[in-house]
Structures are given as structure tokens and as C-alpha cells.
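Novice: So that we are looking at the same thing, I have put the structure below in C-alpha cells.
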Amino acid sequence: LNVTEEKFVLETLAGCIEYKSILDVVVNAFYVRDGRYCPNSERNLYIVICYVATFQLEEIGLQHFSRIVKSLDTSKMQQFLRFFFNDLHLNTWIKDEWSHFYDSVYVKENWIDPLLRWQPKVQQLIEKLTDKLSNRTTTVKTSRVTQPKEFNLTVPKPRAIPPPSPAPLPVLPKRQPVPPSIYKPPKERKQLEEIKTKNIQKAKVSIRSLTCVCKGDPFSLNTLPVQGTIFTDREIDPFLPQYLEVVWESVLTQYFEVLKQPQDLIDNIPIKLNTAAILREGALYQRKLEEELKRIENLQQGAGDPSEFLEWQKQMRGKDLEEQLAEIECRRLQGKLSYEEAVLAHQNVIQENKKKADLLREEKAELMHLYAEKRLQEQKEIKELVEQVMEGHKNVKQVKAKIQEYKQQIVQQVCEESEELLRQALEEKEDKDRKRYELIQQIRAIESTPSIRQKFVDLTETGGHGLFGEMSIVELRERLALLKEAQKAAEEEKRDQIIHEKQAKEQLILDKLDQISQFRAELGRAAALKKEEKKKSQSGERPMKDDRILNLQKKIVEKTMERKKQAGLL
């Protein structure tokens, strides 16, 4: 299209979208009245003609408008223009419908009046279209003669050359199955479990032997001043905590002696390390070695030995730990004392609640008595009211008869109106079914036309889309083959590089393992020496208890005895 034609087309399209509401009013009315047999696919054609006649007729002129109309179907244009340029339609319902969307004065001055001015000239155009239709019908009737024609058979097209078969896909090598040892637990874990169960059994045997000895002479220890006294389950033994502590310490000492026996077996069990663990442990030992070398250099340069300070620091930390343990024990006993006090307070609250409940029961009985008297009085008043209502019901029968007659008349009128509405609905449904049947016939006629679906494809030709780097399918396959070869060579080079890196990493791990084994041996010897020194320095004296703990234990015993007496009273 040239510039003027393109501008005209764009303006028409924009106007049809902008004024779609008022154009749909005219076209919908045309389909209901005169265009009932017109297909719905030509709806946009009527919308464009309606827009050009309403908004662009003065701009383009009648001559250009008549050329547009004559280029289309004569019967359809004659039918639509005769409907649209009708004086009665323009002055009545078209004007009213357009006034719903825009101001009525604006509609009359800008749209209806110009259409009425052009109406005589457009009427001449409609008469010309009518004459053309009448001439065409007469010539068809006089000159049309039935003549036989040959069948228009479709010539079969040559078959396309089948494309070459694609290259076979490469078969991937079969992967090795996962070894079953991955899903089985290691043997070392099983050995550890067996050693653990043996140690537990030995500890149980030692505990049973101690308990048997204690049952034979339960007060043979020197820490208890009373002997031969037997306490029941509900009584409290004031010396029981000290007795249990002594027994528990003896049991623990025997248990740890039993556990020390198979320690060599546990240390000698080989544990498989992965690469990350080996590198971590190697870095740890390397860091320790550097720190030790740095410490030795500092000593050579005249720095002091911090061993005395570390020993003093260890002693002070031990004292702090003992104080913390005593504080924790005091808190625990305070919590137990507060629990006993809370139980006593709860028992006192229960007694007060019982007294309050007795008072509430007495008040409830009095209120129920008053409620029963009030209920009897209300029943008497209701009985008198019912008797009055029964007397008034006797005069209501006549009113009911009149209401019944009035309702029957209303029902008869409603039935007549519903029959009329049903008849109208049936007529509308028949009209709708008839239109649907005609539309289905048109759609079937359109679908019956044959369509060409075969297309010959040449793999050596390009698509012709005008793109840079455009190529045919054959050239594309060749380039893909070259790319695959280059990718395969790169993979081989990468595989060789990975193998070299893997060998270097394995050598590094072996060196780290040798270094770790040396460090472990040295650390084991140092730990054994340190353990022997610790055994020699340990003393068998047991620390004395704090006075606060003893006082709290006495208070707890007193509160417990008081609570049991209170519970007996309850």
C-alpha cells in the first residue's frame, strides 16, 4: 500500500475499535431484522462500511465511497445501505441507542444530521445497486443454458524422495553394577558392639556382687552411726544419701577397672579414613609441628616456660569447678525445698475450697426453691392467657374463608400468565433452532471443500527466510558431525588431564598417611607417660561437703515429714 492508503486503513481500524459500542448497535439490529440469513463471518465487513458512512463520508466523498461499495458484493451492500440510511431508523431507535453512550445533542449534531444530509445521494447509489441486481437476474434467466462439463479430477503429484535415514545413535558403554559391600555394615562396628556388650555384662556382674554383699550386712560401713535399723518404703532414712554415694562410688571404680582391660583391642581396630579426613588430620599435625618448632625457637631466644603458669591455672580452674558443682547442688536442693512448700500450700488451698463449696451448695438450694415458686406463678399466668386466646379463635373462621377465595383468584391469574409466557418461549426456541440449522448447513458446505496438505521438501535447499547464516538441513547435519568430533577430542584431552591429577592426589594422600602414622605413635607414647604421672599424683581423699548443702538436706527432710502428716490428716 502507498502512504495515503495505509493511513486510511489505519484510521479506519482505529475508529472501528474506538466506536465499537455504537457500531455494534447497528450491525446487531441488521442481523436481527434484514440480515438474518447473512453469515456471521461478514460481520466485520458491515462494521467497516457503517464506520466509513458515519465518520469518513464527508472526508473521502461520495465517489470514493461508491467505489468501495461497488467493489464488494452488490446484494449485501444494497441490503445493508437500505437498512442503515432509512429516515425512520435514523430518527428513532438508532438515535436513542447512541444517546445511551454519548450526549444526545452531540449525537444529533455530529452524526445523525450529516447522515440525513447524505441520505438522498446515498439513495441514488442504492437505486443503482438495485438496477444492477435486477439486470443481473434477467440476464441469468435468459442466457443460462445447461451445458455438460468434464469432471475436474485432481492430478496426482509425484511422490517426494524419502530423506536419507539418520545416522545411528552411539551406544553408551554398560556401567558397572554397584558392589554389594556398600550396603553392608563394616566389620569394625560389629566388633565394637561385641566388646561393648561384654563390658556391660561384666559391669552387671560386679554390681550384683556388690548388692549381694550390701544385703547381707547393709550397715557394715563406718560412715553410718546406726546399725541394724530397718526402714519401710514410706519412712525416710536420713543416712540413705550418704550410704548410696559410697556404694555408687565403689560400683563405678570397679566398672571403670573392667572397662580398661580391653582398651588395647579397641585402639588397635583399624578405621578406614576417607580423603577429606586424611587431609584434615595431616593439616592438624602440620600446624601442631609448626607451633612446637616456634615454641622451641622462642625458648632458645630466652622466652620463659609457661608450664608453671599452666599448672597454677589448672588448679584454679579445678577450684572454680568445685565451687560451681556445690552451687548447682544447692540450687537443686532449694528447688526440692520449694516443691515441698508448694505441696503444703496446695493442701491448704484444697481445705479452703472445700469450705467455700459447702457455702455455695447452701446458697444454690435457696435459689432453686425461689425459682420453683416463680415458675409455678408463671404457669398460672400462661394458662389464663391460653383460655383468652381460645375464645378469640372462634371468630376467625369467616376471615379464613374470604382469604381462601382471594388466593384462588390469584392462582388462576398466575396460571394464565404462565401459559402465555410458555407459548412465547416455545416460539423463540423454534426460531433459534431454525437459525442454528441454517448455520450448520453453511459450515458443512465450507468444510466439504478439499484442501491441499501435501508438500515436497528438499533437504538441500535453504528456507529462504532472509536470515544471516541460513543453511539447509544437509549442511546442518555436516556441521553437527564436525562439532561432535571436536567435542569428542576435547573429552579425551580432559580425561587424560583428570587421570594425571588423580595420580598426583593419591601420592599426596599416601605421604599424608605416613606423616599421620608417625604423629599418632608419638602422641600415643606421650599420652601413656602423662597417664602414669596422673595416676601417681591422684589422691584418694574425698572432698568434704559444703555446709549449705547439709543444711538444705535437713530442711528438706523436715518439710517432707510435715507434708506426710498433713496428707494423713486430709
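The values are calculated or read from the model by the stated rules, or taken from the named source; none is laboratory data. Quantities reported herein were computed from a predicted structural model and do not represent experimental measurements. Here Cβ is always computed from backbone atoms with ideal geometry, including for glycine, and neighbour counts include all displayed protein chains. Just the protein is used for accessible areas: all its heavy atoms, side chains included, with ligands, DNA and RNA removed. Shrake-Rupley method; radii C 1.70, N 1.55, O 1.52, S 1.80 Å.
Novice: Given a Förster radius of 60 Å and the C-beta distance between Glu387 and Arg434 as r, what FRET efficiency does 1/(1 + (r/R0)^6) yield to the nearest 0.05? Could you put the intermediate results ahead of the total?
Specialist: Details: r = 71 Å, r/R0 = 1.18.
The value I calculate is 0.25.
Novice: Now a separate question. If the cut-off is 16 Å between C-alpha atoms, which lysines fall inside it for Lys356, apart from same-chain ones fewer than 8 positions away?
Specialist: Straight-line reach from Lys356, under 16 Å: Lys364.
Novice: Count charges around Glu340 for me, please; just the other residues with Cβ under 12 Å from its Cβ, Lys/Arg as +1, Asp/Glu as -1.
Specialist: +2
Novice: Step through the table entries Lys288/Lys512; Lys76/Lys128; Lys202/Lys534, compare each Cα-Cα distance with 21 Å, and write down the pairs that go over it. Write down the numbers at each step before the final one.
Specialist: Working: Lys288/Lys512 14 Å; Lys76/Lys128 14 Å; Lys202/Lys534 26 Å.
Going by Cα-Cα distance, Lys202/Lys534 fall outside the 21 Å limit.
Novice: Separate question: With the other protein chains left in place, how much accessible area per residue, in square angstrom, belongs to the stretch 3-137 at a 1.4 angstrom probe? Mind dumping the intermediate values first?
Specialist: Working: 7520 Å² over 135 residues.
I get 56 Å² per residue for this part.
Novice: Here's a follow-up. Can you find, among Val343, Ala357, Leu370, the residue sitting farthest towards the positive end of the charge dipole of the stretch 318-409, where Lys and Arg contribute +1 and Asp and Glu -1 at Cβ?
Specialist: Leu370
Novice: Quote the accessible area belonging to Asp96 in square angstrom, nearest 10, computed with a 1.4 Å probe and with ligands, DNA and RNA left uncounted.
Specialist: 90 Å²
Novice: Now, a different point. Per the 1.4 Å probe, what fraction of the accessible area of the stretch 18-146, in percent, lies on carbon and sulfur atoms?
Specialist: Numbers: 3710 of 7370 Å².
Using a 1.4 Å probe with all protein chains present, the stretch 18-146 comes out at 50 percent carbon and sulfur.
Novice: Here is a follow-up. Semi-axes of the stretch 290-407's equivalent ellipsoid from the Cα gyration tensor, sqrt of 5 times each eigenvalue, largest first, rounded to whole Å?
Specialist: Numbers: eigenvalues 1932, 211, 6 Å².
Equivalent ellipsoid of the stretch 290-407: 98, 32, 5 Å, largest first.
Novice: Further, regarding this structure: Students often check this: by mean Cβ neighbours within 10 Å, which of 468-476, 55-63 ranks highest, and how do the rest follow?
Specialist: Order by mean packing, descending: 55-63, 468-476.
Novice: Given a 1.4 Å probe and every protein chain left where it sits, what share in percent of the accessible area of the stretch 459-564 is carbon and sulfur? Kindly include the intermediate steps, with their values, before the conclusion.
Specialist: Values: 5240 of 9410 Å².
Accessible surface attributable to carbon and sulfur in the stretch 459-564 totals 56 percent.
Novice: Another question, if that's okay. With labels modelled as points extended 7 Å from the Cα through the Cβ direction, what inter-label distance (nm, one decimal) is found for Gln201 paired with Lys484?
Specialist: The answer from the label model is 6.7 nm.
Novice: For Trp98, Trp93, what's the largest-to-smallest order of accessible area, 1.4 Å probe? Display every interim value, and only then the final one.
Specialist: Details: Trp98 0, Trp93 45 Å².
Final ranking, largest accessible area leading: Trp93, Trp98.
Novice: Ranked highest first by the average count of other Cβ atoms within 10 Å around their residues, in what order do 110-121, 498-509 fall?
Specialist: Result, highest mean Cβ count within 10 Å first: 110-121, 498-509.
Novice: Report the dimensions of the stretch 3-137 along its three principal axes from the alpha-carbon atoms, largest first, rounded to Å.
Specialist: Largest to smallest, the principal-axis extents are 45, 39, 30 Å.
Novice: While we're looking at this one, here's another question. Between Phe309 and Glu533, what FRET efficiency comes out of the Förster formula 1/(1 + (r/R0)^6) with R0 = 22 Å and r the beta carbon distance, rounded to 0.05?
Specialist: Details: r = 19 Å, r/R0 = 0.84.
E(calc), rounded to 0.05, equals 0.75.
Novice: Of the listed peptides 368-374, 168-174, 102-108, what is their order by residue-averaged count of other C-beta atoms within 10 Å, with the highest listed first? Walk me through the intermediate numbers first.
Specialist: Values: 368-374: 8.9, 168-174: 6.3, 102-108: 13.3.
Those peptides, ordered most packed to least, come out 102-108, 368-374, 168-174.
Novice: For Met561, what accessible area in Å² do you get when you roll a 1.4 Å probe over the heavy atoms of the protein chains, rounding to the nearest 10?
Specialist: Result for Met561: roughly 90 Å² accessible.
Novice: What is the spin-label model distance, in nm, from Thr460 to Ile296 if the labels are put 7 Å beyond Cα along the C-beta direction?
Specialist: Result for the modelled spin labels: 8.4 nm.
Novice: Between Leu172 and Lys70, with labels modelled 7 Å along Cα→Cβ, what's the label distance in nm to one decimal, could you check?
Specialist: Here the answer is 7.5 nm between the modelled labels.
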